[in-house]
Amino acid sequence: MSISLDGIEPFTAIIRDGEDLYECRWDGHKKYNKPKSTAEPHIWSSVTLYTEEVIATREEWFNSWLSTHPNPTQEDILRFHQFTGDGDSWNDLTMNRGGETFTVSITSVKLGESKASMTYLDLKSHQQVNADFAIDKYTGALK
């Protein structure tokens, strides 16, 4: 079944189906569907906000960071997202484009066997919220 995306803004959707992971992109003209490994980490950047060159640079930052953080904690990942860049506020991971378009929050969810632990960083109010959600051991659904 093919779905027309004409008139839909470009997007990237990450879909996990059992043990399979897919990166599905719509660039406004063409659909892309790329299988991804669930055994290795990935980073994605908005196709509407960043050029391919900037996306490649962000992937380089991520791969470099992974080489020094082979088993990152949730806190390590949050710090990476909050502080990584080269000083270009338009394209750093926490970005600010003249106060009009900017990163307002960072959310991280760590999945365990019986719970999901979420950390939400509100970058405008400098508040952090932590919450745990139980996971149904039979269905995997959050309770």
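Bear in mind these aren't lab numbers, they're just calculated from the coordinates by the rules spelled out. In this text, all values refer to a predicted model and were calculated from it rather than measured experimentally. Every residue, glycine among them, receives a Cβ derived from its backbone with ideal geometry; neighbour counts consider all protein chains shown.
Rounded to the nearest Hz, the phi-derived 3J(HN,Hα) couplings of the range 34-51 under the Karplus curve 6.51 cos²θ - 1.76 cosθ + 1.60 (θ = phi - 60°) are 10, x, 10, 6, 7, 8, 9, x, 9, 9, 10, 10, 4, 6, 8, 9, 10, 6, where x marks glycine and proline.
Adding -39500 (n - 2.57) for every DSSP H run of four residues or longer, then dividing by how many residues the chain holds, sets the calculated 222 nm ellipticity at -6000 deg cm²/dmol. For the pair GLN82 and THR51, what calculated FRET efficiency results from E = 1/(1 + (r/R0)^6), where r is the Cβ-Cβ distance and R0 = 22 Å, to the nearest 0.05? The pair THR51/GLN82 has a calculated efficiency of 0.45. Using the Karplus relation 6.51 cos²θ - 1.76 cosθ + 1.60 with θ = phi - 60°, the per-residue 3J(HN,Hα) values for the range 104-118 come to 9, 7, 10, 10, 10, 10, 9, 8, x, 6, 10, 8, 10, 10, 10 Hz, with x marking Gly and Pro. What do you get for chymotrypsin sites (Phe, Trp or Tyr not before Pro) in the range 44-143 restricted to DSSP loop and a cutoff of at most 11 other Cβ within 10 Å of the site's Cβ? For chymotrypsin sites (Phe, Trp or Tyr not before Pro) across the range 44-143 that sit outside H, G, I, E and B with at most 11 neighbouring Cβ atoms in 10 Å, the list reads TYR138. From a point 7 Å beyond the Cα of GLN74 in the direction of its Cβ, which residues of the range 85-125 have a backbone N at a distance under 12 Å? Answer for this model: 107-121. Dipole magnitude for the chain: about 380 debye, using +1 per Lys or Arg Cβ and -1 per Asp or Glu Cβ, origin at the Cα centre. Residues whose amide H comes within less than 5 Å of that of MET95, counting only those at least five positions distant or on another chain, are THR103 (H built at 1.01 Å from N in the peptide plane). Calculated translational diffusion coefficient of the chain (25 °C, 0.890 mPa s; Stokes-Einstein with Kirkwood radius over alpha-carbon pairs) equals 141 µm²/s.
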